[in-house]
Every structure is written in C-alpha cells, then in structure tokens.
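Some notes on the structure that comes next.
The values are calculated or read from the model by the stated rules, or taken from the named source; none is laboratory data. Small disclaimer: the values here were computed from a predicted structure and weren't measured. When we count neighbours, we look across all protein chains shown, and the Cβ atoms used for this are built from the backbone with ideal geometry, even at glycine. What goes into the accessible areas is simple: the full protein's heavy atoms, side chains included, and nothing from ligands, DNA or RNA. Shrake-Rupley method; radii C 1.70, N 1.55, O 1.52, S 1.80 Å.
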Amino acid sequence: MTTIVYVLHHVHSFEDGGEDVKLIGVYSTREQATGALERLKGQPGFVEQPEGFEIDAYTVDEDNWTAGYV
C-alpha cells in the first residue's frame with residue numbers, strides 16, 4: 001500500500017537574498033493542504049508574499065533526496 005501525504009510550506013524571500021522557510025503542516029489530502037493555505041494566506045508575513053506557498057506530494061517511507069549536497 002502506498003501512502004501519499006501533502007506537505008505545505010512557505011518560503012519568505014528577503015531583499016538580501018536570504019530566505020525563511022516555514023513547514024506549515026503535513027496533510028492526508030491535497031484538499032486539506034489547500035484549506036490550510038487558504039486559512040493562512042491573510043496572516044502577517046504570509047500576506048506579503050502569497051506566492052511563497054507550495055504544496056508538494058510525498059510518498060511515505062521513500063527517500064526523497066538521494067544526491068547528497070553538491
């Protein structure tokens with residue numbers, strides 16, 4: 001059985017090139033992740049950069065980064 005989860009995170013980019021990445025949550029459906037995005041997009045920090053939201057699907061118990069640091 002394959003289990004898929006949906007990870008919602010937000011990246012706030014700064015003028016100096018820095019970033020602040022927030023893991024908001026892990027959800028069992030894309031709809032729940034989208035609902036969380038909708039609830040949060042008007043909050044301070046998020047409202048200034050609404051394009052910073054991203055929802056990614058991941059398979060549980062699977063390596064997702066295998067290349068190491070290059």
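Summary table below
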{"item": "Length-normalised contact order for the chain - Cα pairs under 8 Å, 6+ apart - percent", "result": "41 percent"}
{"item": "Sparse-neighbourhood loop sites, GluC sites (Glu not before Pro) in the chain - DSSP loop, at most 10 other Cβ within 10 angstrom", "result": "Glu15, Glu48, Glu62"}
{"item": "Low-density loop positions, chymotrypsin sites (Phe, Trp or Tyr not before Pro), segment 1-58 - DSSP coil, at most 16 other Cβ in 10 Å", "result": "Phe14"}
{"item": "Radius of gyration and Dmax over the Cα atoms of the chain, both given in Å", "result": "14.0, 45"}
{"item": "With Cα atoms, 0 to 90° folded angle of helix 30-40 axis to the chain main axis", "result": "20 degrees"}
{"item": "Environment charge at Leu23 (Cβ cut-off 14 Å; Lys +1, Arg +1, Asp -1, Glu -1)", "result": "-3"}
{"item": "Accessible solvent surface per residue of the chain, calculated while the other protein chains remain in place, 1.4 angstrom probe, Å²", "result": "77 Å²"}
{"item": "Under-5 Å amide H pairs with Gly25, H placed in peptide plane, nonlocal only", "result": "Leu8"}
{"item": "Carbon and sulfur %, accessible surface of segment 31-70 computed with the full protein complex present, 1.4 Å", "result": "51 percent"}
{"item": "Förster radius 35 Å - calculated FRET efficiency between Thr66 and Arg30, Cβ distance, rounded to 0.05", "result": "0.90"}
{"item": "Sites Gln43 and Thr2, calculated FRET efficiency, Cβ-Cβ separation with R0 30 Å, nearest 0.05", "result": "0.35"}
